[in-house]
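What follows is a single structure, written as structure tokens, with notes after it.
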Amino acid sequence: MRQAGRYLPEYRELRTRARSFLDFCYTPSLAVEATLQPIRRFQFDAAIVFCDILVVPDALGQKVQFFPNEGPRLDPIKGKADLAALKDNIDLNHLAPVFEAIAKIKALLPKEVALIGFCGAPWTVASYMIAGQGTPDQAPARIFAYREPDIFQILIDRLVNASIAYLCKQIEAGVETVQIFDTWAGVLPVTELERWCIAPVKAIVAGVKHLYPQIPVIGFPKAIGQNLSHFAQETGVNVLGLDPTVDLDWAADTLDPKLILQGNLDPLALLAGGLALEEGVARIKTCLGKRPYIFNLGHGILPQTPIAHVEHLLKLLRSDQ
Ligand code: CP3
């Protein structure tokens, strides 16, 4: 999950040094520093490369911008002509600063800290490419997929190929595991979930494992509930990221015991602190502690999170080690 960001004063200071968020991502010295800040402050066991899922549409030639407090804005893809105007293949040269940052982070991180690379899943990235922004239910992309499934399939296939190439290049630069974020999977009815989330993620896992069979892949299909079991089986991910709505008793009983689970503290429980935080952590330990699991939040850390609450969380986690 996102662990860098605006909850850290040192991040807010660093962010003023770049004109735009994308410039920030594409300036290796800044991306390296933003990645290392939470590790230095909290000694987490893993670092996630500082970047964004929307660098992929940017490297396919779509206009992508981030406005402060508004989130991302893209020139929306309205039909076949807009899609044809994009590159067929991802321009990895455009992303060279990301790979340079990864190599530098790897050299600076303590050996025992894992480095995680990532990309957005095709459905989530496509939903931003079509809506041009985040919307409450990504309806524009869902309507597009119903009306023009063949054109939507071309976009998804292009994103599958782009994601495989991008993740493999991250691995060559030094990441030790990769996470695929399908933040908007939960808005899809089950037949659409199969076609637009599960099938493309399966293709990415196969493509990455074909070249790098030893690299563990983490899947994060947010808010798909009981379909998690099918998602994990079908895609072949090694680790399954659980969002905060997942019932951990169900997960512990139902999901393949060989599957490593990750999650799922509610970022709002961390923000609120106190009993909510303590009970949330205790429940995760009780339910998942008997199987291999990675403690994490169920979604990215929120800008309003007090640093003292993160420190308290770490005390709770480290007290019984
Ligand atoms: O800790 C890290 O270094 C992780 C880096 C990271 C970012 N984005 C940096 C970022 C990761 C893993 C992402 C993934 C991402 N980006 C997702 C999938 C995971 C999720 O959170 O659901 C999505 C959907 C995006 C697209 C995106 N980027 C949105 C919707 C926003 C605006 C939301 C916001 O909080 O402003 C961003 C901007 C963004 N990406 C920020 C960061 C740190 C905030 C910008 C800033 O504070 O300067």
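The values are calculated or read from the model by the stated rules, or taken from the named source; none is laboratory data. Keep in mind it's a predicted model, so treat the numbers as computed, not measured. A quick note on method: Cβ atoms are made from the backbone with ideal geometry, for glycine too, and the neighbour counts reach across all protein chains shown. Only protein heavy atoms, including side chains, enter the accessible area calculation; ligands, DNA and RNA are left aside. Shrake-Rupley method; radii C 1.70, N 1.55, O 1.52, S 1.80 Å.
Things worth noting here:
- Within the range 276-293, the set of residues being surrounded by fewer than 12 Cβ atoms within 10 Å (Cβ to Cβ) and acidic (Asp, Glu) comprises just one member, Glu279.
- Of the helices (runs of 4 or more DSSP H) lying entirely inside the range 201-296, those containing at least 3 residues that are within 27 Å of Leu316 (Cα to Cα) span 248-254, 267-272, 274-288.
- Segments classed as helices (runs of 4 or more DSSP H), wholly inside the range 47-161, with at least 2 members that are farther than 25 Å from Lys222 by Cα and open to solvent by less than 10 Å² (accessible area, probe 1.4 Å): 96-108
- Boolean, Lys285 is more than 27 Å from Pro216 (Cα to Cα), away from the ligand (no atom under 16 Å from the Cβ) and either out of contact with any helix residue (DSSP H, G or I) (no Cβ under 6 Å at 6 or more places or on another chain) or modelled with pLDDT under 95 (or both): no
- Pair list, Cβ under 7 Å, 6 or more apart: the range 219-248 residue crowded, with 17+ Cβ neighbours inside 10 Å, other residue assigned to a loop (DSSP other than H, G, I, E, B) and of a type in the set (S, T, N, Q): Lys222/Thr183; Ala223/Thr245
- Test: residue in the range 162-169 that is open to solvent by less than 50 Å² (accessible area, probe 1.4 Å) and closer than 26 Å to Asn264 by Cα: yes
- Scanning the range 1-44 for residues that are of a type in the set (D, E, K, R), surrounded by fewer than 21 Cβ atoms within 10 Å (Cβ to Cβ) and not in a loop (DSSP other than H, G, I, E, B) returns Glu10, Arg12, Glu13, Arg15, Asp23, Arg40, Arg41.
- If you filter the range 51-69 down to residues that are out of contact with any strand residue (DSSP E or B) (no Cβ under 7 Å at 6 or more places or on another chain) and in contact (Cβ under 8 Å) with a residue 40 or more places away in the chain, you find that the one that is farthest from Ala34 (Cα to Cα) is Leu60.
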